[in-house]
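Below is one structure, written out as structure tokens; the observations come after it.
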Amino acid sequence: MDEGGRKADLKLVLVGHAAVGKTAIVTRLVKDMFVADGSAAPTIGASFAMKEWRGLFAAIWDTAGAERYAPLSSFYLRRANAAFVVYDVTDEDSFKRAEELWSLVEESSPDCCVVLIGNKMDLVEGDPAKVVVQPERARGLAQQRGGMFFEVSALRSTGIFESFDAVCSKVFPDQKGGSSRPKTTQQQSRPSGVVLGMRSTSDAGDTPKANNCCG
Ligand SMILES: Nc1nc2c(ncn2[C@@H]2O[C@H](COP(=O)(O)OP(=O)(O)O)[C@@H](O)[C@H]2O)c(=O)[nH]1
Ligand SMILES: [Mg+2]
């Protein structure tokens, strides 16, 4: 897999309704930063970033969420090992769109390992009444479709690195090492991620080998 002129071992694609925080999640993953409200331009088409994980390179594709870009998302999803299907925990429409996009992922890359990501958990902190998409529903969807589920906040940096570690570990079960969280970053809070549909595999090879994890 050759992404951006450099060999990538893993292709991770983020899909989700507009403004659910896909770009914020990638920015957190790659730069460990959160760009303040309003200053990040909406993604046009898709953007690309690389991230090292335990000696492997992950190509991360951040796609545009608007429905008119769905054919483009399908293009970027081809040969993806992993997908983050992102919704906003305070936005019902974004959850409905996540269900549709999960189907698009299945069509475009049938062996892809899918992680359902509920973002913006900071908005409901301390006030469960503000949660629009109850975690039970999301967990049910992930279980039904054989994927994983995490609730995260790109703003607070909760669950983001954990979900990335989970999907990488799933695709490369033999790859040992530490967390993808930058060492300079303080552990700000406990991970809020809930991992479902995990299946242990034992594939003893010398070279990293991608696992069709959720197929
Ligand atoms: N409160 C909160 N806002 C967020 C979070 N992630 C993204 N946002 C905000 O949601 C808006 C859309 O984010 P963006 O990353 O551009 O969404 P995208 O269209 O899915 O790429 C921006 O105003 C972000 O600042 C989060 O975890 N918490
Ligand atoms: Mg974006």
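The values are calculated or read from the model by the stated rules, or taken from the named source; none is laboratory data. Note that the coordinates shown come from a computational prediction; the quantities given were computed from them, not determined experimentally. Glycine also receives a Cβ, built like all others from the backbone with ideal geometry; neighbour counts cover every protein chain displayed.
What the table below lists for this structure:
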quantity	calculated
Complete set of residues in the range 84-97 that are in contact (Cβ under 8 Å) with a residue 24 or more places away in the chain and more than 11 Å from Leu14 (Cα to Cα)	Asp88, Val89, Thr90, Asp91, Glu92, Asp93, Ser94, Phe95, Arg97
Tabulated pairs, the range 62-76, first modelled with pLDDT of 75 or more, second of a type in the set (D, E, K, R), C-beta under 9 angstrom, 6+ apart or interchain	Asp62/Lys22; Thr63/Lys22; Ala64/Lys22; Ser74/Glu107; Tyr76/Lys11
Criterion: touching an Asp or Glu at 6+ places or on another chain (Cβ under 7 Å) and in contact (Cβ under 8 Å) with a residue 24 or more places away in the chain - qualifying residue of Asn119, Asn81	Asn119
Test: residue in the range 72-79 that is within 17 Å of Phe164 (Cβ to Cβ) and in a loop (DSSP other than H, G, I, E, B)	no
Residue count for the range 139-172, restricted to those that are outside any helix (DSSP H, G or I) and either modelled with pLDDT of 95 or more or charged (D, E, K, R) (or both)	14
Selection from the range 100-128 of residues that are more than 14 Å from Ala18 (Cα to Cα) and assigned to a helix (DSSP H, G or I)	Trp102, Ser103, Leu104, Val105, Glu106, Glu107, Ser108, Met121, Asp122, Leu123, Val124, Pro128
Residue pairs meeting the criteria (Cβ under 9 Å; at least 6 apart or on separate chains; first free of Cβ contacts under 8 Å to residues at least 40 places away in the same chain, in the range 17-38; second within 7 Å of ligand 1 (Cβ to nearest atom) and in a helix (DSSP H, G or I))	Val35/Thr23; Val35/Ala24
